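Below is one structure, written out as C-alpha cells, with a few remarks after it.
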Ligand SMILES: [Cu+2]
C-alpha cells in the first residue's frame with residue numbers, strides 16, 4: 001500500500017488512478033441435457049479483489065469470484081439455463097443480524113440469485129425464500145430449482161443479477177454478489193448503436209473501507225439499540241466504485257460510446273451528469289428502449305435503476321470529462337465524483353454508429369385499461385426491539401399476501417409515501433409505466449385514512465418515460481404506476497430497493513393467481529410439481 005493512502009479516508013485516495021474494467025462475458029458449458037450453448041454455470045465464492053491500485057487485495061464474495069460478476073449475454077426468446085452454485089464459506093465476513101425475518105433459525109450464509117427486471121417463471125425468479133446453502137444441503141421453503149431457466153421473452157434491455165436471500169441481501173450484495181445481464185434483440189441490432197468495445201456497462205456502487213483496505217460495513221446504527229450486530233436504516237459508502245474500482249478512469253476515442261449505467265448501491269441515490277455541462281442521449285430505461293432518444297443533462301438513479309445512454313466524445317480530443325453526482329441527500333466532495341473519461345485514444349476508424357431518431361415502437365398502458373387500482377401506503381413503524389422499521393401496506397414480510405393480481409390483469413398501484421424519505425419501489429416480474437405523482441396530505445391520510453390531494457399531478461420526469469421496474473416513490477407524493485401481469489402465475493415479491501429497508505421489513509409477497517384455479521395454500525407452503533421442473537439436476 002502506498003504510504004500516504006488510508007483506504008478509510010477518502011481524502012487520501014487518489015482519484016482516477018485505476019483504469020475502468022469491463023467485466024468478462026460468461027461462456028457456456030457443454031451439457032447434453034441442454035441445447036448446445038444454452039447451459040451456464042456460475043460459482044459464488046470468496047476471493048480477493050483490488051479496489052484501488054494503492055490498496056492491498058481484500059476479501060470479497062463474487063460470482064465466479066469476481067465483482068462485478070461475469071456479464072451474461074442473452075438473446076430475446078432464446079432460453080438460457082444457469083446453475084448458480086453456492087461455494088461460499090459457512091460464516092459471513094460482514095455483520096449478520098440474527099433478528100431479521102426468520103434468520104434466527106436459518107443457516108448463517110444463504111444465497112439465491114434474482115434476475116432483476118426479468119419476465120420469468122417464479123421458480124427461476126430467485127425468490128428470497130428460495131435460498132440455499134453449499135451443495136443445497138439446506139434450502140428455503142420456496143426453493144424449487146437448482147437450474148434457473150430464463151426464457152428471455154421480453155424486449156432487449158439491461159438487466160442485472162444479484163443476491164436476494166432472505167434477510168441477507170444487503171450484506172451479500174455489498175460483499176460483491178452482482179453482475180450484468182444484457183438481453184439483446186433484433187431491434188437493437190438494426191439500430192446501429194455503438195457496440196463491441198464502444199458499448200460499456202457501468203455498475204456504480206458506494207463503499208467504505210477499513211484502514212487495511214477491507215470492506216467496511218457497520219454493525220450497529222448511530223443510535224442505541226438492544227441488538228448486536230444490528231441492521232441500520234441504510235449504509236452509505238464514502239467512496240464511489242465503478243465496475244469494482246474506486247473512482248476509475250476510462251480512455252476513450254473521440255467518437256460515440258454507449259453506456260448502460262446501473263446504480264447497484266445499497267442505499268445511495270445519484271443524480272448523474274457530465275462536467276462542462278455536456279449533454280448525453282438517453283436511449284433506454286430499466287425495461288428497454290425509449291420510443292425516441294432524449295437529450296438530457298442529468299438522470300436520477302436510485303438503487304437498481306438503469307439508464308442506457310450515448311455519450312458523444314467527437315471533437316473532444318485531449319479533454320477530460322468527469323461523470324459526476326449532484327444528488328443532494330448525502331453529498332460531499334468525494335461522493336460527488338464518480339469516474340473520469342479521458343479522450344486520449346486515437347480514432348480507430350470512422351464512427352459509423354448512430355443516435356437514431358426512432359428507437360422502439362410505442363407501447364402504452366392507459367389508465368382506462370386497468371382492472372383494479374390498489375392504494376399501497378409506505379409507512380414507518382418500530383420493531384419488537386424498538387428499532388425503526390419500514391413497511392409496505394402496513395404489513396411485515398411474513399404477513400399473508402395482500403397483493404394477489406389475477407393472471408392477465410392490468411393493475412394500477414398508488415404508492416402512498418407517508419415516510420420522510422423517498423423509496424425506490426421494485427416490482428418483480430413486470431415492467432411498468434409511471435402515470436403520475438401527486439402531492440397529498442400525509443397527516444390526514446395517517447390519522448383519518450382519507451387520501452386528500454393537495455396539488456396537481458406531475459408528469460413522469462424526462463428520464464423515466466420508458467418501461468420501468470423500479471420507481472422513486474417521492475416523499476409526500478402518491479406515485480401511480482400501471483402494469484400488466486401476464487404470462488406467469490405464482491410467488492413473486494415487491495419491495496424497496498434500499499437494501500437495508502428491504503431486509504427490514506419493506507418487502508411483501510405478490511401472488512399472481514389464475515382465476516380458474518385459485519392458489520389457496522398458505523404462503524411459504526405452496527407445493528407445485530409442474531412439469532417444467534424436469535430440467536433440474
Ligand atoms: Cu425504502
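Please treat every number below as a calculation from the coordinates, not as lab data. Values in this document were obtained by computation on a predicted structure and should not be read as measured data. Methodologically, a virtual Cβ is constructed for each residue, glycine included, from the backbone with ideal geometry; neighbour enumeration extends over all protein chains shown.
If you average 1/r across every pair of different Cα atoms in region 196-342 and take the reciprocal, what Kirkwood value do you get, in Å?
16.5
Roughly how compact is region 367-535, stated as its Cα Rg over 2.2 N^0.38 Å to two decimals?
The value comes to 1.07.
Report the FRET efficiency, 1/(1 + (r/R0)^6), for residue 344 and residue 50, where r is their Cβ-Cβ distance and R0 is 22 Å, rounded to 0.05.
E(calc), rounded to 0.05, equals 0.40.
So for the pair residue 409, residue 448, with labels modelled 7 Å out along Cα→Cβ, what separation do we get in nm?
3.0
Compute the FRET efficiency between residue 295 and residue 75 as 1/(1 + (r/R0)^6), taking r as their Cβ-Cβ distance and R0 = 30 Å, and round to the nearest 0.05.
Efficiency computed from Cβ-Cβ geometry: 0.50.
What FRET efficiency, computed as 1/(1 + (r/R0)^6) with R0 = 22 Å and r the Cβ-Cβ distance, is obtained for residue 357 and residue 195, rounded to the nearest 0.05?
Numbers: r = 19 Å, r/R0 = 0.85.
E(calc), rounded to 0.05, equals 0.70.
What nm value, rounded to one decimal, do you get for the distance between residue 385 and residue 12 when each label is placed 7 Å out toward the C-beta?
It works out to 3.2 nm between the two label points.
Express in whole angstrom the spacing between the alpha-carbon centres of region 443-507 and region 225-297.
21
How many angstrom lie between the Cα centre of region 64-83 and the Cα centre of region 15-33?
Here the answer is 10 Å between Cα centres.
Run lengths n ≥ 4 of DSSP H only: what is the helix-derived mean residue ellipticity at 222 nm for the chain, with -39500 (n - 2.57) per run over all residues, to the nearest 500?
Result for the chain: -1000 deg cm²/dmol, rounded to the nearest 500.
Take the Cα atoms of region 460-502, find their three principal axes, and give me the spread along each one in whole Å, biggest first.
Each principal axis gives a Cα extent; for region 460-502 these are 32, 27, 17 Å.
Could you give the distance between the Cα centres of region 102-180 and region 358-402, to the whole Å?
21
Just order 285-294, 156-165 by mean Cβ neighbour count inside 10 Å, highest at the front, would you? Mind showing how you got there, number by number?
Values: 285-294: 21.0, 156-165: 26.2.
Highest to lowest by the protection proxy: 156-165, 285-294.
Suppose each label sits 7 Å from its Cα in the direction of the beta carbon; what would the residue 375-residue 146 distance come out to in nanometres?
With each label placed 7 Å out from Cα toward Cβ, I get 5.0 nm.
Project the alpha carbons of the chain onto their principal axes and report the range along each, largest first, in whole Å.
Here the Cα extents, ordered largest to smallest, are 64, 59, 50 Å.
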